[in-house]
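A quick write-up on the structure given underneath.
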Amino acid sequence: MRKPLIIRILSALDRKAWLALGIFLALALVAVPALHLLVPESSPFHVSTYAITLVGKIMCYALVAVAMDLIWGFGGILSLGHGLFFALGGYAFGMYLMRQIGTDGSYGAALPDFMIFLDWKALPWFWLGSDSFGWAAFLALALPAVVAFVFGYFAFRSRIKGVYFSIITQALTYAAMLLFFRNETGFGGNNGFTDFKRILGYSITAPETRLVLFGLTALALATTLVLARWLVTSRFGRVLAAIRDAESRVMFIGYNPLWYKLAIWTISAVLCGIAGALYVPQVGIINPSEMSPGNSIEIAIWVAVGGRGTLIGPVIGAFVVNLAKSWFTVSFPEYWLFFLGLLFIVVTLMLPHGLVGLWKQFVAKRAAARGAAPALVAKGASA
């Protein structure tokens, strides 16, 4: 008898994984809010607003890294344009946040400030409905999904893969970045969207609002990890891994790789859109620089550092790299790009399986050493 779907999803993780996930959610949903709201700022145990914003931002990046791992680690599809889907989700939700400013902007008008500055008289047609939270949330999911589906269908149908696919995705996000930089497109030009005031009627800078957004991001990341684990261990995931390893053999036995690759590609884009929608209200800005090819390359670095094909590895990689970036850009800003490049080279040459692979090697060697010790004792006793 086939198990219900919810049982199969919940059984995707073992007991240790559920325990780790529970500890993570307890910290994000209980400990952090308590330490932020109840502990005075003078206490060393107080969690500052800056720390909440930083960790919330990195959790959004971790969600993008998991999305990248689904297509690269399990599908063998290296995208250098995932920053586009992240930014599309951010812009879709940013439009709603801009409409929520209302007449509290610098010009006191109903239109966003950048439209008044450019002497626009009315909202463009694609801004219609942007004052609705539901419509903005739908757009944050649908827009990346539609762009990914259309692009992926033609790319995968044409059997484009490997470095050629990576170059095309990089060109796509670069072209989108140049388009969004133009003032006449209606997305704020190079300044993008900023100076948000409210979300669902609540002040976006209020501590309670920040904590709710922080908690939602943690829940989104945890849910994504569970669903991703179930997906890659299902029949779909096994076929996807087979396509990654030997696509021609999979075609020979009757599977069509197009729909499997297109499905995981679209799912990955939707996850990036969710991350972008959660990122914008926490950071307070979205601009075309989020679409830069450099940002998309950095996403691949997070996955490589943590360990691709592991799901938890990209999360670790996103936290390690971005915490290092936060420190470097303050202490040694001119050396950050050199460090990032050196990190990628070192990981590629010396840690092909990332930090997770290094940990597994350490555990295996320790287990082998423990197993060898009783054998040596028994051998000595018999002698």
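Each value in this text was obtained by applying a stated rule to the coordinates, not by laboratory testing. Since we're looking at a predicted model, the values are computed, not measured. Note that each Cβ is placed from the backbone with ideal geometry, even for glycine, and that neighbours are counted across all protein chains shown.
For the reader, a short list of remarks on this structure follows.
- Restricting region 108-161 to trypsin sites (Lys or Arg not before Pro) in coil, as DSSP defines it, with at most 11 other Cβ within 10 Å: K121, R159
- If R0 is taken as 35 Å, the Cβ-Cβ distance between K325 and F133 corresponds to a FRET efficiency of 0.65.
- Rounded tilt (10° steps) of 49-72 against the dominant C-alpha axis of the chain: 60
- When you filter the trypsin sites (Lys or Arg not before Pro) in region 164-218 for DSSP loop state and at most 15 other Cβ atoms inside 10 Å of their Cβ, you are left with R182, K197.
- Euclidean distance between Cα centres, region 239-297 to region 29-90, Å: 18
- With R₀ set to 30 Å, the beta-carbon distance separating M350 from V30 gives a calculated FRET efficiency near 0.15.
- Averaging 1/r over each pair of different alpha-carbon atoms in region 51-189 and inverting the result gives 16.9 Å, the Kirkwood hydrodynamic radius.
- Between 0 and 90°, nearest 10: helix 235-245 axis offset from the chain longest Cα axis: 80
- Coil-residue chymotrypsin sites (Phe, Trp or Tyr not before Pro) of region 236-274, DSSP, other Cβ within 10 Å capped at 16: Y255
- Spacing of the modelled spin labels on I167 and A368, each 7 Å from Cα toward Cβ, amounts to 4.1 nm.
- Pairwise label distance in nanometres, T233 with L118, each label 7 Å out on the Cα-Cβ vector: 4.9
- For region 5-352: relative contact order, % (alpha-carbon pairs under 8 angstrom, 6 or more apart): 33
- Cut-off 10 Å between beta-carbons: net charge of the residues surrounding W72, Lys and Arg +1, Asp and Glu -1: +1
- Here the Karplus curve 6.51 cos²θ - 1.76 cosθ + 1.60, taken at θ = phi - 60°, turns the phi angles of region 339-348 into couplings of 5, 4, x, 5, 4, 5, 5, 4, 5, 5 Hz, with x standing for Gly and Pro.
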